[in-house]
Amino acid sequence: LSVPDIHVISLQPALEGLIVPSKFYGIAAAGRPMLYIGDRNGEIPRLLRSAQCGFAVEIKQAEQGASIIRDVAQDENACRSLGQRARTLFDQRFERRFAENAWASVIAETVTELEPR
C-alpha cells in the first residue's frame with residue numbers, strides 16, 4: 001500500500017450510505033493520498049476534504065481524475081504532505097483503539113437492553 005503515489009477508490013453513487021470502501025482505511029494507515037471516484041458528497045470525499053488528504057471526482061470525469069493523478073505523481077512534496085495528512089486522519093479517527101471502544105459501547109448497550117427489568 002505504500003508503493004503508489006496515489007490510490008484510487010471508487011464506489012457507485014447508488015451505494016453511498018450503504019457501504020464504505022474498506023480499502024480507505026488501509027490506504028490512510030499507509031499514509032498515501034487518495035483519489036475517490038463516485039458521489040463527491042459522500043462519506044469518503046467528506047473525509048478527504050476535511051483532512052486535506054485526497055481528491056474526489058464524479059464518475060465520468062476521467063480527464064479531471066487523470067490530471068489529479070499526474071499532478072500528485074509529479075509533485076513529491078505535495079504527495080508526501082497529502083500522505084502525512086492521511087496518516088494523521090487515520091491516527092486521530094480510525095486507529096484500532098477507536099474501533100475497539102466503539103464495539104465495546106455497542107456490546108454494552110446491547111447487554112443493557114437485554115438484561116431483565
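The values are calculated or read from the model by the stated rules, or taken from the named source; none is laboratory data. A quick note: this is a predicted structure, and the numbers were derived from the prediction, not measured. The area values use the complete protein model at the heavy-atom level, side chains included, leaving out ligands, DNA and RNA. Shrake-Rupley method; radii C 1.70, N 1.55, O 1.52, S 1.80 Å.
Listing for the model above:
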quantity	calculated
Region 10-117 - percent of accessible surface contributed by carbon and sulfur, probe 1.4 Å	52
Listed residues Val20, Val111, Val72 arranged by accessible area, highest first, probe 1.4 Å	Val111, Val20, Val72
Choice from Leu11, Leu89, Leu48 with maximal GNM fluctuation in the chain (Cα, 10 Å cutoff)	Leu11
In Hz, Karplus ³J(HN,Hα) per residue of region 5-20 (6.51, -1.76, 1.60; θ = phi - 60°; x = Gly, Pro)	5, 8, 9, 10, 10, 9, 7, 4, x, 5, 8, 4, x, 9, 9, 10
Top of Ala56, Ala86, Ala78 by mean-square fluctuation, Gaussian network on the chain, Cα under 10 Å	Ala78
Per residue value of the accessible surface for region 24-100 (all protein chains in place, 1.4 Å probe), Å²	56
Label corresponding to Rg/Rh (Cα atoms, Kirkwood Rh) when calculated from the structure given, among (1) 1.56; (2) 1.10; (3) 1.04	(2)
Ile9 long-range amide H proximity, modeled H, under 5 Å	Leu35, Tyr36, Ile37
³J(HN,Hα), Karplus 6.51/-1.76/1.60, whole Hz, each residue of region 62-72, x for Gly, Pro	4, 4, 5, x, 4, 4, 4, 4, 4, 4, 5
Residue-by-residue Karplus 3J(HN,Hα) for region 95-108, coefficients 6.51, -1.76, 1.60, Hz, glycine and proline x	4, 3, 4, 5, 5, 4, 5, 5, 5, 4, 5, 4, 5, 5
Of Gln84, Gln52, Gln61, the one that fluctuates the most in a GNM where the chain has Cα springs shorter than 10 Å	Gln61
Amide H contacts of Gly54 (H built 1.01 Å from N, under 5 Å, at least 5 apart or other chain)	Met34
